[in-house]
Amino acid sequence: MSDDLLERVRARARDNSFWRYLGVEVEAAREGWVRLRVPVRDELRNAAGAPVHDEVYAALTDMAVDGALATMHEASAGGVGQTTLDMNVSFIGASAGDVFAEGRILRRGRTIAFGEATITDAAGKLVAAGRATYLILAK
């Protein structure tokens, strides 16, 4: 089953042009949880050699929670299935190397889901954390 969930999130990443632009790689998935990796390159920074831009962390928070929710219902497979209602992100520090986002669903009802994400650098240092609320759309 986890292979099916992993493929579902990978298909979502392939179908989303922004995920492709960022270079998001889906490393692992299980019900209600995903781990994403983004290879950091200069265009994702404020300037060459500078820290990753805050908006990349915000996007990763959204993507990680979105991916985790996609593992929990069939409506999201191959389509939208959900939309972000609210998101809050705290930026903690600069990253060294690639960044990793782990998203998990904390609570899910029929129409609303709440999730959180943590973003770490290649050394495992926490660089950002956030929460998101999603509306689950009927298909």
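Quick notes
- From the list VAL26, VAL40, VAL9, VAL56, the lone residue that is among the β-branched types (Val, Ile, Thr), more than 15 Å from ALA132 (Cβ to Cβ) and part of a loop (DSSP other than H, G, I, E, B) is VAL40.
- The lone criterion from (1) within 12 Å of the chain's Cα centre (by Cα); (2) closer than 24 Å to ILE136 by Cβ left unmet by VAL38 is number (2).
- Residues of region 81-100 classified as in a loop (DSSP other than H, G, I, E, B) and open to solvent by 50 Å² or more (accessible area, probe 1.4 Å), total: 2
- Of all residues in region 107-124 being more than 27 Å from ALA94 (Cβ to Cβ) and of a type in the set (A, V, I, L, M, F, W, C), the one that is surrounded by the fewest Cβ atoms within 10 Å (Cβ to Cβ): ILE112
- Of all residues in region 101-139, those being over 19 Å from ARG35 (Cβ atoms), assigned to a strand (DSSP E or B) and β-branched (Val, Ile, Thr) number 3.
- Whenever a residue of region 102-118 is in contact (Cβ under 8 Å) with a residue 60 or more places away in the chain, its partners that are open to solvent by 50 Å² or more (accessible area, probe 1.4 Å) and part of a loop (DSSP other than H, G, I, E, B), lying with C-beta atoms within less than 7 angstrom and at least six residues away or across chains, give the pairs ILE105/MET72; ARG108/MET72.
- Positions within region 17-67 being charged (D, E, K, R) and touching a residue at least 12 places away in the same chain (Cβ under 8 Å), in sequence order: GLU25, GLU27, ARG30, GLU31, ARG35, ARG37, ARG41, ASP54, ASP62, ASP66
- Residue list for region 109-139, restricted to those being of a type in the set (D, E, K, R) and either at pLDDT below 90 or at positive phi (or both): ARG110, LYS139
- Some residue of region 14-21 being more than 18 Å from THR83 (Cα to Cα) and surrounded by 14 or more Cβ atoms within 10 Å (Cβ to Cβ): no
- Which numbered condition ALA70 fails, given (1) open to solvent by less than 60 Å² (accessible area, probe 1.4 Å); (2) within 18 Å of TYR21 (Cβ to Cβ): (2)
- Condition met for GLU43 (at pLDDT 85 or above and open to solvent by 60 Å² or more (accessible area, probe 1.4 Å)): no
- Criterion violated by ARG20 - all others in (1) more than 22 Å from ALA128 (Cα to Cα); (2) among the charged types (D, E, K, R); (3) modelled with pLDDT of 85 or more satisfied: (1)
The values are calculated or read from the model by the stated rules, or taken from the named source; none is laboratory data. These figures come from a predicted structure and were not determined experimentally. With ideal geometry, Cβ positions are generated from the backbone for all residues, glycine too; neighbour counts draw on all protein chains shown. Note: accessible area is taken over every heavy atom of the protein model, side chains too, but ligands, DNA and RNA are not part of it. Shrake-Rupley method; radii C 1.70, N 1.55, O 1.52, S 1.80 Å.
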